[in-house]
Every structure is written in structure tokens, then in C-alpha cells.
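Here, each number is a calculation from the coordinates, and none is a lab measurement. These numbers come from a predicted model, not from an experiment. Don't worry about glycine lacking a Cβ; one is built from the backbone with ideal geometry, like all the others, and counts go over all protein chains shown.
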Amino acid sequence: MSPTMTRSRRSLMSAAGLVAFVLLWELALRSGLLSGSLVPLPSSIPQVFWYELIDGIWLDVVRSSLGHYSVGLLLGSSLGITVGVAAALLPRFDALHAWLARLLRPIPPLAWIPFAIIWFGINPSAAAFIISIGVFWINYFASYSAVHSIDPGFDEVAQAFGQRRFLSRLTKVNLPAAAPGILGGLRAGLGQGWMTVVAAELFGIPGIGQRMMEASSLLATDIVVVYMLTIAGLYALFDFLFMMMQRRLLRWQP
Amino acid sequence: MTTSMTTFLTPPSVATTRVNFAGPVLNARNLSLGFDDTAVLAGVDLALYPREFVAVVGASGVGKSTLLRALTGLLAPQTGEVDIPAGQDAGTRAWSMVFQAPRLFPWRRVRTNVELGLEGLGLSRVERRERAMQPLKLVGLDAYAERWPHTLSGGQQQRVGIARALAVRPKVLFMDEPFASLDAITRRRLQQELIALRQRTEAAIVFVTHDIEEAVLLADRVMILGNQETGQPARVVETLSVNLSLDERRDLPDFAPLVQRVEAIIGNH
């Protein structure tokens, strides 16, 4: 790739690559190179999507998945940031929980499904709980390292100018200085959340994941693809909105 | 000394409070400090009077910045005590500081950076704004008030740092090699600005520098820190008065000999 490629030219090529991929896929099926039982025909997807939409199914499952997603995201992000920032600022708390965090960190969110069901039953809270776990760790580590790497000079400035209380330093130095890292963690969590949404719904909680399981048991691969694209689209939308907010919050950056 | 002259230049209402009989604005006695069993400073005394300018010089690494932080309480001294009588006036702080790097908060605009020390003093938002604009005007950057710090040059950022320190109307202004990281031309200009600024602020100044010429150029007194050999804690080796007019001081016949004398003392310690 030449470094002098302009942005619009780059976008154009990316679009061409995507179109070529879909076209090859379509041709492979039509020419019989690929069996129709393996993957659906791309050109059939818009119509399948339309049927899902007018049946009201699409809106229903998307709405309930969005519910799990946003509750899990909110919970995981706020707890992750709180614990991460606290750990970076309070050495005693850091020491106290360090081994516990190391122990729990490698456990994948989906391994919590049994407990989620025992604790919450098969209901939206269970799905939100599972989603929140992955989101928690991403935000925890991002916030922790963001606060840890703040230039100690800023803290000295705050002290020299009478901002000595913990809360003043937190709001005037630590949080704004760590904001780029914390927002980066939030954005990564936004993607991580979608990855666990589908899995968290596989055991019977209504949502996109459950609809995909239903469809796949009927070998309706076209419906599965509709919801794959739905997730991609929702992620792109959320990521875009977040990026706009991030850019506004960090407009002080060079 | 210049103090009496500048007193004469200021309005009488302020001048009456500024006569040197008022007693020191900073009084440090027998300050000692160290890190991890290594003594850095031993037995430093300093009495600073209103509007006085004391430069602290010494070889690099001798403990000048440490002394400054011990005087402010940013570092706790092991022995001795520092007394900076708190200001009587509301909306002021006893001391403030200009750092070697400007250390502006990049997430705040120039004006709100200057407002930092005014927060928590019970001032309204409007009052804070006005109090920030005054020193910004003084350093010639009021037009840049709503800019982000990174859009300013190094010299401009350091001026904002000075405005931030002046905004709290300190009794004592600590300056930690404030011009050391600037280019020669900017440094000269800011030195001249600081000389002019002294006429317009009541603060006494403690100015740390490794630049002997700068110390003699700006100060009323030059305090020389040194140690017998490396590893030994630093002491005040000598304090010299600079009885030269601040106008074109560099061109006075007594300037160069004084610089050489300070250099000689530092060389011997």
C-alpha cells in the first residue's frame, strides 16, 4: 500500500474489496461451486431481512438484545472504571485485591453462565450479567493503566495550587488526565459487549442470539446472516456515536 | 535595594502594608531533608521579606529544587520548620509556584489553567474569570485565554504558568528554574518581563536557577548552595547581596565581577 494514498481513494478501494467479496460469493453459489446448504445467497438477504422486519421479529429481538447489551455495558463499564481507578490511586486497595483480580481475570465471561442461571434464572438479568463481565475487565485494565501512567508532575501542580483533597485531585487531575485511556477502554468494551451478547442469549434468553439459534436449527442460514449483519451494523453505529463523543471530550488533545 | 524604590512607585494604600518592618513572609529555620538515608540538605536558614527576590544557585544536583519543595511543604523536611504566614486577604494563597516545565493541564483552556489556584477559595465563576484575566493581561496573553495550551509556544506556555502563579496573589512566589528549558532569545525576553513584573506584584520571590548570570541579573540576594564533596548534604555556603539597579543591570561595571565571584564560590564547593 503506498503511503501517499488519499483517504477517499483508500475508502473507494475498501468498498471495491467488499463488493468483490460479495460478488464472488454470489457467483460461487450460482455456478454450483458452493452448495446452497452451506451459505445463503447474498442477493436473498435483503428480502429475508424485510420479512423479519414486517413480522416484527427483528425489532423485538433487537430491542431485547439492546436491553441486555446496554445494562451489561453500563454495569461492566462503571464498575470496571471505578475499581480500576481506585486500584491505581489507593495502594492498599490495590494490594488487597491484586491476587483476586489475577485469579478471576482469565475466566472467560461464558464460564459464568452456570452461576448466572443459578443466581438470576433464565432471564435478561443473567444475560446482562454475563455481558458485564467481559466489559468489566477491559475497562478495569484500561482505567488502571491510564491512571497509573499520569505524569506525577500534574499532581504536584494540583498540590501547589491548593487542590490537596482526594476528591479535588480526582476530578481536577486524575480523571481528566486519564480520560484518553479510560475512553479507549470504554470503546473496546463497546465491541466486547456485542461479542458476548449472542453467546449470553444462547441458553434461551430472548434476543438476537436466541433467534439465530432457532434459525440455525432450521438450517435457515439466510436468517442467521441477517442477524450477523444486524450485529455488525449496530456495532458500527454505536462505535461511530461513541467516537464522535470521544472526539468532543478529547478535543484538547493535539 | 530596589525594594524601597518600588514601594515608592506603588499607590499609598498598598505601600503602607509593604514596609519591610512587617517581618518576614517566609521564615525557614534549620531545614534538613534526605531521601532513603541520604541527607540532601542540612541546616538551611532563610528569612524572606516582602517583595524581596532571592535566587538560589548551586551546581546541578546539589539539591536546589529539593530546597524549594521543602520550603513549600511539598516535601516534608526532616528537621526544622518553615513559616509562611497565611494571607489575611480572602481569595489569595500564601504561596504559589512556577515549574521548570510549564505543566499546564492540557485538558483545560489557558484561562481555566490560570484559574486552578483560585478554585476552592470561595470565589464566584465571574470573579475567578476576572482574577485569571488580570495576570494573563500582565504576561500579554489575554488574547489567548480561550486557547488550548498545546497551541501555544514553549515561552507562551511558561508565561501562562507565571500567570497561574500570580493569579492567587501569593505572598511568596517560588520559581523552579522557570526559564531553563527555553531557547536563549525567549529566556532573555522572559527575564526582562520578570524584572518588569516585579514592579507590579507584591510577592517575594525564591528563584532557583543553575544560571549564575541569571541569578545575579534578577535577584536582590544570591544564596549559594554547595557541599564539601559529593554525597555530603548541601548547605548554604554564602549569601551575597546584589546592590545594583535593576535597570540595564547586565551593563553595569559591577555586574560581571559579581557573576565571577559567585562562580568562584560555587567552584570551591
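Between residue A:236 and residue A:21, with labels modelled 7 Å along Cα→Cβ, what's the label distance in nm to one decimal, could you check?
1.1 nm
What average number of partner chain Cβ atoms lie no more than 10 Å from the Cβ of the residues making up A:144-156?
On the way: counts 0, 0, 0, 0, 0, 0, 0, 2, 0, 4, 5, 0, 6.
Average per residue, whole number: 1.
Which whole DSSP H helices in chain A pass both tests: a Cα extent of 15 Å or more along the axis and a mean Kyte-Doolittle value no lower than 1.0? Intermediate values should be presented prior to the final figure.
Working: long enough: A:7-30 (35 Å, 0.75); A:57-89 (47 Å, 1.27); A:91-104 (19 Å, 0.37); A:124-148 (35 Å, 1.14); A:175-201 (37 Å, 0.82); A:221-249 (42 Å, 1.25).
Both cut-offs are met by A:57-89, A:124-148, A:221-249.
Partner chain Cβ atoms within 10 Å, averaged over the residues of B:95-108 - can you pull that number for me? Working shown, then result.
Numbers: counts 2, 3, 5, 1, 4, 1, 3, 1, 6, 2, 8, 7, 13, 3.
Per residue, the average neighbour count from other chains is 4.
So if the hydrodynamic radius of the stretch A:92-182 is defined as the Kirkwood radius over C-alpha pairs, what does Stokes-Einstein give as its diffusion coefficient at 25 °C and 0.890 mPa s, in µm² per second?
157 µm²/s
For the stretch A:114-254, list log₁₀ I(q)/I(0) at each q in 0.12, 0.15, 0.17, 0.21 Å⁻¹, using the Debye formula over Cα point scatterers of equal strength and ignoring solvent, two decimals each.
Debye intensities relative to I(0), on a log10 scale: -0.66, -0.86, -0.98, -1.20.
When you look at the Cβ of every residue in A:161-170, what mean number of other chain Cβ atoms sits within 10 Å? Can you show the working numbers first?
Numbers: counts 14, 11, 4, 1, 1, 0, 0, 2, 0, 0.
Averaged over the peptide's residues, the number is 3.
In what sequence do A:238, B:179, A:115 fall when counting other Cβ within 10 Å, fewest first? Each step should come with its number before you reach the end.
Details: A:238 19, B:179 24, A:115 12.
Going from least to most buried by this count: A:115, A:238, B:179.
Under 12 Å from the Cβ of residue B:142, count the other residues' Cβ atoms, weight Lys and Arg +1, Asp and Glu -1, and hand me the total. If you can, show how the numbers build up before the last one.
On the way: positive: B:111, B:129, B:137, B:147, B:159; negative: B:130, B:146.
Every neighbour counted, the sum reads +3.
Taking the Cβ of residue B:80 as the center, what net charge do the other residues with Cβ under 11 Å away carry, scoring Lys and Arg +1 and Asp and Glu -1?
Working: positive: B:29; negative: B:45, B:81, B:83.
Around residue B:80, the surrounding residues sum to -2.
Size of the dipole of chain B about the Cα centre, Lys and Arg at +1 and Asp and Glu at -1 on the beta carbon, nothing else charged, in debye to 20? Spell out each step's value before the answer.
Values: 30 positive and 29 negative charges, 213 e Å.
The calculation lands at about 1020 debye.
Quick one: if you stick a label point 7 Å off each Cα along the C-beta vector at residue B:247 and residue A:214, how many nm between them?
Output for this residue pair reads 9.3 nm.
How would you rank B:169, A:169, going from fewest to most other Cβ atoms within 10 Å of each one's own Cβ? Don't jump to the answer; show the numbers that get you there.
Values: B:169 21, A:169 17.
In increasing order of surrounding Cβ atoms, one gets A:169, B:169.
Enter the mean projected area of the convex hull around the alpha-carbon atoms of chain A, in nm², rounded to one decimal. Let's see the in-between values first.
Values: hull surface 74.9 nm².
Average projection, Cα convex hull of chain A: 18.7 nm².
Rounded to the nearest 0.05, what FRET efficiency is calculated for residue A:100 and residue B:254 with R0 set to 60 Å and r the Cβ-Cβ distance? Present the calculation step by step, with values, prior to reporting the outcome.
Working: r = 69 Å, r/R0 = 1.15.
Once rounded, the FRET efficiency stands at 0.30.
Based on Cβ point charges of +1 for Lys and Arg and -1 for Asp and Glu, what charge dipole magnitude is obtained for chain A about its Cα centre, in debye rounded to the nearest 20?
Numbers: 17 positive and 12 negative charges, 201 e Å.
Roughly 960 debye, rounded to the nearest 20.
For a footprinting-style exposure proxy, rank A:65, A:37 by other Cβ within 10 Å, fewest first.
Working: A:65 29, A:37 8.
By the 10 Å Cβ count, ascending: A:37, A:65.
To the nearest whole percent, what portion of all C-alpha pairs in the stretch A:16-112 is separated by more than 16 angstrom? Numbers along the way, then the final one.
Working: 3516 of 4656 pairs.
Within the stretch A:16-112, distances greater than 16 Å cover 76 percent of Cα pairs.
Is it possible to state the helix-based mean residue ellipticity at 222 nm for the protein assembly as shown, with each DSSP H run of 4+ residues giving -39500 (n - 2.57), the sum divided by total residues, to the nearest 500 deg cm²/dmol? What is it?
On the way: 20 runs with 282 residues, N = 523.
Result for the protein assembly as shown: -17500 deg cm²/dmol, rounded to the nearest 500.
Which of the peptides A:206-214, A:158-166, A:96-104 is most tightly packed, and how do the rest follow, judged by the mean count of other Cβ atoms within 10 Å per residue? Walk me through the numbers on the way to the answer.
Values: A:206-214: 21.1, A:158-166: 17.8, A:96-104: 11.3.
With the highest mean Cβ count within 10 Å placed first, the list reads A:206-214, A:158-166, A:96-104.
If you place +1 on the Cβ of every Lys and Arg, -1 on the Cβ of every Asp and Glu, and leave all else neutral, what size is the dipole of the stretch B:126-269 about its Cα centre, to the nearest 20 Debye?
Here the size comes out at about 620 debye.
Can you tell me the orientation of helix B:154-167 relative to chain B, as the angle in degrees between its alpha-carbon axis and the longest Cα principal axis, to the nearest 10?
In chain B, helix B:154-167 runs at an angle near 80 degrees to the longest axis.
Between B:79, B:201, B:66, find the one with the highest GNM mean-square fluctuation for chain B; connect C-alpha pairs within less than 10 Å.
Largest GNM mean-square fluctuation: B:79.
Excluding residue B:251 itself, calculate the net charge of residues whose Cβ lies under 15 Å from the Cβ of residue B:251, where each Lys or Arg counts +1 and each Asp or Glu counts -1.
Working: positive: B:188, B:249, B:250; negative: B:213, B:247, B:248, B:254.
So the surrounding residues net to -1.
For the protein assembly as shown, count all C-alpha to C-alpha pairs, find those more than 40 Å apart, and express that count as a whole percent of the total.
45 percent
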